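Undergrad: Below is a structure I'd like to ask you about.
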Amino acid sequence: MAIRLTLICHAAMPAARAVAFYQDDPADPGQLARAAAMTQALGRVDRLWTAPELRTRQTAGMLAPDAAVVPALRDADFGRWRGSALADIQARDPAGVAAWLADMGAAPHGGEPLLDVIRRIGQLLDGHRDPGHTVMVTHPAVIRAAVVHSLGAPPEAFWRLDVAPLSVADLRHHNGRWTLRSVGTVP
């Protein structure tokens, strides 16, 4: 049986929030209703995994009631930047922001370097050998990391990927490697 992996970005947070680096914020109820409408389009799902944050668990709960929490799917750790808008951080620490954007191994926020996120997700993907369809509800940074890893792209490609709320990346595993089948949204 083939190995299929569908990564779904969690539902958006309420529009009133102007935060770039979220804490454990809830999802917008209207967005959650959109998530519930995705279930039929996903087809057969053998496993539903979710990151541990509230917004991912809420989104996964709209797809099925029995999602397993997988800690490796957690969002990047943005350290002391959590809860802040990028513009505010830029005003306080322009050199830190510049270093973070230029060097995938930098962590001026005291959290997790993006290069480590790519490695973490690469290890998760490379260790996943369960046949059938696994759906993972997670974060934009995690989906970017999965796509970069599956394509064997340079880490800097992370910045060239835009992952919107409730968007989907569909990966397949064949002959020892992951391929990206499609990226987009589920109607």
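Undergrad: Given (1) part of a helix (DSSP H, G or I); (2) closer than 28 Å to residue 35 by Cβ, where does residue 169 come up short, assuming only one miss?
TA: In the conditions (1) part of a helix (DSSP H, G or I); (2) closer than 28 Å to residue 35 by Cβ, residue 169 misses (1) alone.
Yes/no per residue for (1) at pLDDT 95 or above; (2) touching a Cys at 6+ places or on another chain (Cβ under 8 Å); (3) under 19 Å from residue 142 (Cβ atoms):
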{"position": "50", "(1), (2), (3)": "yes, no, yes"}
{"position": "57", "(1), (2), (3)": "yes, no, yes"}
{"position": "61", "(1), (2), (3)": "yes, no, yes"}
{"position": "64", "(1), (2), (3)": "no, no, no"}
{"position": "69", "(1), (2), (3)": "yes, no, yes"}
{"position": "74", "(1), (2), (3)": "yes, no, yes"}
{"position": "88", "(1), (2), (3)": "no, no, no"}
{"position": "95", "(1), (2), (3)": "yes, no, no"}
{"position": "102", "(1), (2), (3)": "yes, no, no"}
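Undergrad: With of a type in the set (Gly, Ala, Ser), buried (at least 21 other Cβ atoms within 10 Å of the Cβ), under 19 Å from residue 52 (Cα atoms) and at pLDDT 95 or above as the only criterion, which of 146, 169 stands out? Quick ask: steps written out before the conclusion?
TA: Values: 169 fails: under 19 Å from residue 52 (Cα atoms).
146 is the lone residue from the list that is of a type in the set (Gly, Ala, Ser), buried (at least 21 other Cβ atoms within 10 Å of the Cβ), under 19 Å from residue 52 (Cα atoms) and at pLDDT 95 or above.
Undergrad: Would you tally the residues in region 104-123 being in contact with a Pro (Cβ under 8 Å, 6 or more places away or on another chain) and assigned to a loop (DSSP other than H, G, I, E, B)? Explain how you work it out, then say what you get.
TA: Filtering region 104-123 for residues in contact with a Pro (Cβ under 8 Å, 6 or more places away or on another chain) gives 104-107, 114-115, 118.
This time we only want the ones that are assigned to a loop (DSSP other than H, G, I, E, B), so: 104-107.
Adding up the residues that qualify gives 4.
Undergrad: Something else about it: For region 145-180, enumerate the residues that are more than 15 Å from residue 118 (Cβ to Cβ) and in contact (Cβ under 8 Å) with a residue 40 or more places away in the chain.
TA: Of everything in region 145-180, those that are more than 15 Å from residue 118 (Cβ to Cβ) and in contact (Cβ under 8 Å) with a residue 40 or more places away in the chain turn out to be 164, 165, 166, 167, 168, 170, 172, 173, 174.
Undergrad: Please determine, by comparing only the residues of region 39-54 that are assigned to a strand (DSSP E or B) and not hydrophobic (A, V, I, L, M, F, W, C), which one is nearest to residue 25 (Cα to Cα). Steps first, please.
TA: If we filter region 39-54 for residues that are assigned to a strand (DSSP E or B), which is where we start, we get 47-50.
Next, only the ones that are not hydrophobic (A, V, I, L, M, F, W, C) stay: 47, 50.
Values: 47: 25, 50: 15 Å.
Checking each candidate, the answer is 50.
Undergrad: Can you tell me which condition residue 130 does not meet? The list is (1) touching a strand residue (DSSP E or B) at 6+ places or on another chain (Cβ under 9 Å); (2) modelled with pLDDT of 95 or more; (3) surrounded by fewer than 20 Cβ atoms within 10 Å (Cβ to Cβ); (4) in a loop (DSSP other than H, G, I, E, B), and all the others hold.
TA: Tallying (1) touching a strand residue (DSSP E or B) at 6+ places or on another chain (Cβ under 9 Å); (2) modelled with pLDDT of 95 or more; (3) surrounded by fewer than 20 Cβ atoms within 10 Å (Cβ to Cβ); (4) in a loop (DSSP other than H, G, I, E, B), residue 130 fails exactly one: (2).
Undergrad: Residues in region 150-178 that are small (Gly, Ala, Ser) and under 12 Å from the mean Cα position of the chain (by Cα): how many?
TA: Of the residues in that region, 3 qualify.
Undergrad: Name the single residue, out of those in region 64-103 being in contact with a Ser or Thr (Cβ under 9 Å, 6 or more places away or on another chain) and in a loop (DSSP other than H, G, I, E, B), that is surrounded by the most Cβ atoms within 10 Å (Cβ to Cβ).
TA: Applying the filter and picking the extreme gives 75.
The values are calculated or read from the model by the stated rules, or taken from the named source; none is laboratory data. Being a predicted model, the structure only gives us computed values, none of them experimental. In this analysis, Cβ positions are derived from the backbone assuming ideal geometry, glycine residues included, and neighbour counts consider all displayed protein chains.
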